[in-house]
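Asker: There's a structure below that I have some questions on.
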Amino acid sequence: MKTFSQANELLADIKANHNGQIKVALVPTMGNLHSGHLQLVKHAHQVADIIVASVFVNPMQFSASEDLNSYPRTLDDDIKKLIVEKTDYLFLPTVDIMYPDGLKNHTSINNQHLNDMLCGISRPTHFQGVCTVVSKLFNLVRPDVAVFGEKDFQQLTIVKKMVADLCMPTQIISVATERAGDGLALSSRNHYLTTDQRKIAPQLYATLQAVSRSIINGDRRFSQLCQSAREQLNKHGFKVDYLDIRDQHTLALLDNNDTNSEVAILVAAQLGDTRLLDNIRINL
Ligand code: PAF
């Protein structure tokens, strides 16, 4: 695996060593890689010839109250894992390379509509930071495809919309959420859970599964289903931020008895100090 912090050098190396029609996949990450990220790399191998992973903890997607400095940085481990997965290139830019003039007055990309819901309510500047850095990474690495996990479903939806709206030539591919044996979606944040919280955490997915079963069995009382699922989770010790049933593509909230057949159940909940996200999509 070759590592570059300057994208032009990375692109020149790809060009020099791989002539002809090669397909480049980018797996953008903030590091602290777990097997969910490695699934993205595995999947990238199925759809492209050259795999570039990026590790960049993007300051623009952290608010002043979120601690950018304490975000886990495990680069040596990440590199080992990426080599095992036969990643061809690691793009490892510095903050100075990505934001040479600083963050203040930086151009940003935002979809206000998709931002004003779900996680965007409690993290109002987060997705703007994500869209901006993802589009910078796309412009720098120029991938044919980019691979994202489905766990961060609002992020995936917003990135897809950005690519479509701005006619970006990169194809977005998504990969199913990787789960622990007890159902908990893998996340870098799971490390923050105490032993007791880790035992409770799988209830998040179990609750989504129960809602999903009810919908599949024909229950279309969406607001009641969400309300009782929220109550369940709160009883288990979560502090639910949202648990909604929405359209899988537009993320529009579904009314009771809506006949939409492509449904997403989305949840964000705090367990102690740790914010956990999960979702289930159903195609009826
Ligand atoms: O999902 C992430 O890890 C980040 O939001 C991303 C897409 C790498 C952008 O910084």
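Asker: Between Ala180 and Ser35, what is the spin-label point distance in nm, taking each point 7 Å from the Cα along the Cα→C-beta axis?
Answerer: Reported label-point gap for Ala180 and Ser35 is 1.2 nm.
Asker: Hey, which of these cross-link pairs are over 20 Å Cα-Cα: Lys2/Lys42; Lys23/Lys86; Lys80/Lys151; Lys199/Lys235?
Answerer: Numbers: Lys2/Lys42 18 Å; Lys23/Lys86 16 Å; Lys80/Lys151 24 Å; Lys199/Lys235 14 Å.
Listed pairs above 20 Å: Lys80/Lys151.
Asker: May I pose another question? So what's the back-of-envelope 222 nm ellipticity for the chain, counting only DSSP H runs of four-plus at -39500 (n - 2.57) apiece and dividing by all residues, rounded to 500?
Answerer: Details: 11 runs with 110 residues, N = 284.
Estimated from H runs of four or more residues: -11500 deg cm²/dmol.
Asker: Which three semi-axes in whole Å describe the equivalent ellipsoid of region 22-180, each the square root of 5 times a Cα gyration tensor eigenvalue, listed largest first?
Answerer: In descending order the semi-axes read 23, 18, 16 Å.
Asker: Something else about it: May I ask you to give the percent of accessible area on region 208-276 that is carbon plus sulfur, with a probe radius of 1.4 Å? Display every interim value, and only then the final one.
Answerer: On the way: 1460 of 3390 Å².
Carbon and sulfur together cover 43 percent of it.
Asker: What spacing in nm lies between the two simple spin-label points modelled at Ser228 and Thr107, each 7 Å away from Cα in the Cβ direction?
Answerer: Using points 7 Å along Cα→Cβ, the separation is 5.1 nm.
Asker: Could I ask something else about it? Taking only Cα atoms of region 50-110, what ratio of Rg to Rh do you get with Rh as the Kirkwood inverse-distance radius?
Answerer: Numbers: Rg = 14.0 Å, Rh = 13.6 Å.
Expressed as Rg/Rh, it is 1.03.
Asker: Using only the Cα atoms, work out Rg/Rh for the chain, with Rh taken as the Kirkwood radius, to two decimals. Write down the numbers at each step before the final one.
Answerer: On the way: Rg = 19.4 Å, Rh = 19.9 Å.
Rg divided by Rh gives 0.97.
Asker: Assuming R0 = 41 Å, can you tell me the calculated FRET efficiency for the pair Asp273 and Arg221, based on Cβ-Cβ distance, to the nearest 0.05?
Answerer: Working: r = 34 Å, r/R0 = 0.82.
My answer for the efficiency is 0.75.
Asker: Mean Kyte-Doolittle of at least 0.0 plus a Cα span of 20 Å or more along the axis: flag which DSSP H helices in the chain meet both, please. All intermediate terms of the calculation are to be shown ahead of the outcome.
Answerer: Details: long enough: 126-141 (22 Å, 1.03); 222-236 (21 Å, -1.07).
Counting only whole DSSP H runs, the qualifying helices are 126-141.
Asker: Something else: What distance in nm separates the two pseudo spin-label positions at Ile97 and Ala252, each 7 Å out from Cα along the beta-carbon direction?
Answerer: Reported label-point gap for Ile97 and Ala252 is 4.3 nm.
Asker: Just to verify a number: FRET efficiency for Tyr71 and Asn139, C-beta to C-beta distance, R0 = 25 Å, to 0.05? Can you show the working numbers first?
Answerer: Values: r = 24 Å, r/R0 = 0.95.
That gives a FRET efficiency of 0.55.
Asker: If we count every other residue with Cβ under 11 angstrom of Thr274's Cβ, Lys/Arg +1 and Asp/Glu -1, where does the sum land? Provide the component values of the computation, followed by the final result.
Answerer: Values: positive: Arg189, Arg198, Lys239, Arg275; negative: Asp273.
It works out to a net charge of +3.
Asker: Which value, in Å², gives the accessible area per residue of the chain when a 1.4 Å probe is used on the protein heavy atoms? Spell out each step's value before the answer.
Answerer: Details: 13790 Å² over 284 residues.
With the other protein chains kept in place, the chain gives 49 Å² per residue.
Asker: Can you give the Rg to Rh ratio for region 91-134, taking only C-alpha atoms and Rh from Kirkwood? The partial results should precede the final answer.
Answerer: Numbers: Rg = 12.0 Å, Rh = 11.5 Å.
Computed over Cα atoms, the ratio is 1.04.
Asker: Taking the highest mean first, how do the peptides 105-118, 173-186 order by number of other beta carbon atoms within 10 angstrom per residue? Mind showing how you got there, number by number?
Answerer: Values: 105-118: 14.9, 173-186: 16.8.
Per-residue mean Cβ counts within 10 Å order the peptides as 173-186, 105-118.
Asker: How large is the direction-averaged shadow of the alpha-carbon convex hull of region 152-284, in nm²? Intermediate results must be reported in sequence, preceding the final value.
Answerer: On the way: hull surface 34.6 nm².
The number I arrive at for region 152-284 is 8.7 nm².
Asker: May I have the convex hull volume per residue, in Å³, for the Cα set of region 231-277? Don't skip to the end; give the middle numbers.
Answerer: Details: hull volume 3.6 nm³, N = 47.
Value for region 231-277: 77 Å³ per residue.
Asker: Pull up all non-local amide H partners of Gln171: gap of 5 or more, or a different chain, and H-to-H distance under 5 Å with H placed in the peptide plane.
Answerer: When sequence neighbours closer than 5 places are left aside, the close amide H contacts are Val145, Ala146.
Asker: Let me ask you something else. Considering region 92-167, what Rg and Dmax in Å follow from its alpha-carbon atoms?
Answerer: Cα radius of gyration and Dmax of region 92-167 are 12.7, 33 Å respectively.
Asker: Moving on to the next point. State, as an integer percentage, the relative contact order of region 96-195 based on alpha-carbon contacts under 8 Å between residues 6 or more apart.
Answerer: Numbers: 85 pairs, mean separation 21.7, N = 100.
It rounds to 22 percent for region 96-195.
The values are calculated or read from the model by the stated rules, or taken from the named source; none is laboratory data. Since the structure is predicted, the reported quantities are computational estimates derived from the model, not experimental observations. Glycine gets a Cβ as well: all are built from the backbone with ideal geometry, and neighbour counts include every protein chain shown. For the accessible areas, the whole protein counts, side chains as well, though only heavy atoms, and no ligand, DNA or RNA atoms are used. Shrake-Rupley method; radii C 1.70, N 1.55, O 1.52, S 1.80 Å.
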